[in-house]
Amino acid sequence: MNSTQNDKLVYVDEWNVSSQYFYKNEYYSWMADNLTGHKKVLEIGCGTGYSTLALLEKGYDVIAIEKNEECIRKAEHLVSENGDFDSKVVFLQGDVAEETFRNDLLEQYEFDVVICWNIGSYWNREMMTYYLPHMIEYGLDVQQIRVNPESSYAELIVWYACKLAKEKNVSVNIVDRCGEQLNEHNDPYYKCLKDEFSFAKIEYKNKEGKSLSKGGRVLTTNGQASFESVMDIVFVSILLDS
Ligand SMILES: C[S@@+](CC[C@H](N)C(=O)[O-])C[C@H]1O[C@@H](n2cnc3c(N)ncnc32)[C@H](O)[C@@H]1O
């Protein structure tokens, strides 16, 4: 097994523990409720499927995309074991950073909201080599990427989510895990996305919660990994309406 394959497998196991915790604590249920008024969701990065399952249980149709084949296998299994959702969900393996994949999505699928919840990935040298040109092109500088590659990468993927939504003229919902509540007065970032993509409206919702770190997928804030087992976090849902 090569090191990337190993990183993918480790990621699946760790994220699955964190994600199951979110599901049991009904954080995904809260996220799904924030999409009221929408029907068909394009989910960017479905992970091991607990978020997808929560959306399906709330009655949404879901097109779930995921680049890690180990994650998507687990997600398909989880959903099939927990209900009869065959006609409500499509799983697609692909990378939203690839233009041909995004164009295929736009041409072949209908959706009325794009979501990008808790985006992240395993991180290694191969990831850096592949995504660095994308991050530079997007506008990040090398120093910023070097100090905090994972959040630089997350920023890039959120930007692609907004781009997809705008090209389809639909809304986008991002869920970020923060250390404090976010609103229009202390948000330097999502407001810029609203302006850059000319979304009509931005809406913030905050929910205080907990996340597993050690024992699940280790949380990294400002480049610092946390080795506490459970951490207080704030889930911030940002809805940008087209
Ligand atoms: C931290 S998990 C979150 C999963 C799910 N959204 C949730 O909230 O439980 C992020 C997922 O996004 C996937 N991902 C990261 N970058 C991606 C990309 N460029 N294209 C598609 N999926 C991606 C990762 O493989 C990972 O499984």
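The values are calculated or read from the model by the stated rules, or taken from the named source; none is laboratory data. The structure displayed is predicted, hence computed values, not measured ones. Every residue, glycine among them, receives a Cβ derived from its backbone with ideal geometry; neighbour counts consider all protein chains shown.
Looking only at segment 37-59, how many residues end up being on the phi < 0 side of the Ramachandran plot and not in a strand (DSSP E or B)? The qualifying residues number 13. Can you tell me which residue is surrounded by the fewest Cβ atoms within 10 Å (Cβ to Cβ) among those in segment 18-40 that are near the ligand (Cβ under 10 Å from one of its atoms) and hydroxyl-bearing (S, T, Y)? So the residue we want is Y23. Taking the criterion of being more than 13 Å from the ligand (Cβ to nearest atom), out of contact with any helix residue (DSSP H, G or I) (no Cβ under 7 Å at 6 or more places or on another chain), modelled with pLDDT under 90 and not hydrophobic (A, V, I, L, M, F, W, C), would at least one residue in segment 199-210 satisfy it? No, that holds for no residue.
Of the residues I157, I119, only one is of a type in the set (V, I, T), in contact with a Gly (Cβ under 8 Å, 6 or more places away or on another chain), within 16 Å of I44 (Cα to Cα) and in a loop (DSSP other than H, G, I, E, B); which? Only one candidate qualifies: I119. If you check V96, V62, V79 for being modelled with pLDDT of 95 or more, closer than 21 Å to K163 by Cα, not in a strand (DSSP E or B) and not polar (S, T, N, Q), only one passes: V96. Restricting attention to segment 60-101, and to residues there that are acidic (D, E) and in contact with a strand residue (DSSP E or B) (Cβ under 8 Å, 6 or more places away or on another chain), which single residue is surrounded by the most Cβ atoms within 10 Å (Cβ to Cβ)? Among those that are acidic (D, E) and in contact with a strand residue (DSSP E or B) (Cβ under 8 Å, 6 or more places away or on another chain), it is E66. Could you say whether any residue in segment 202-212 is crowded, with 16+ Cβ neighbours inside 10 Å, touching a Lys or Arg at 6+ places or on another chain (Cβ under 8 Å) and over 27 Å from N16 (Cα atoms)? Yes.
Quick check on E150: is it part of a helix (DSSP H, G or I), surrounded by 12 or more Cβ atoms within 10 Å (Cβ to Cβ) and modelled with pLDDT under 95?
Yes.
Identify, from the list L164, L193, L182, the residue that is more than 26 Å from L105 (Cα to Cα) and of a type in the set (A, V, I, L, M). Talk me through it step by step, then tell me what you get.
Numbers: L164 fails: more than 26 Å from L105 (Cα to Cα); L193 fails: more than 26 Å from L105 (Cα to Cα).
None of the other options fit; the residue is L182.
Condition (residue is of a type in the set (D, E), within 17 Å of V175 (Cα to Cα) and touching a strand residue (DSSP E or B) at 6+ places or on another chain (Cβ under 6 Å)) applied to segment 30-40: is it met by at least one residue? Taking every residue of segment 30-40 in turn, none turns out to be of a type in the set (D, E), within 17 Å of V175 (Cα to Cα) and touching a strand residue (DSSP E or B) at 6+ places or on another chain (Cβ under 6 Å).
The set of residues in segment 122-146 that are more than 11 Å from the ligand (Cβ to nearest atom) and either part of a loop (DSSP other than H, G, I, E, B) or touching a residue at least 60 places away in the same chain (Cβ under 8 Å) (or both) comprises N124, E126, G139, L140, D141.
When E76, E57, E99, E81 are screened for being more than 10 Å from the ligand (Cβ to nearest atom), without any contact (Cβ under 8 Å) to a residue 24 or more places away in the chain and either closer than 29 Å to G215 by Cα or polar (S, T, N, Q) (or both), only E81 passes. Please work out which residue is farthest from the ligand (Cβ to nearest atom), limiting yourself to segment 153-174 and to residues that are among the polar types (S, T, N, Q) and surrounded by 20 or more Cβ atoms within 10 Å (Cβ to Cβ). Looking at residues that are among the polar types (S, T, N, Q) and surrounded by 20 or more Cβ atoms within 10 Å (Cβ to Cβ), I get S171.
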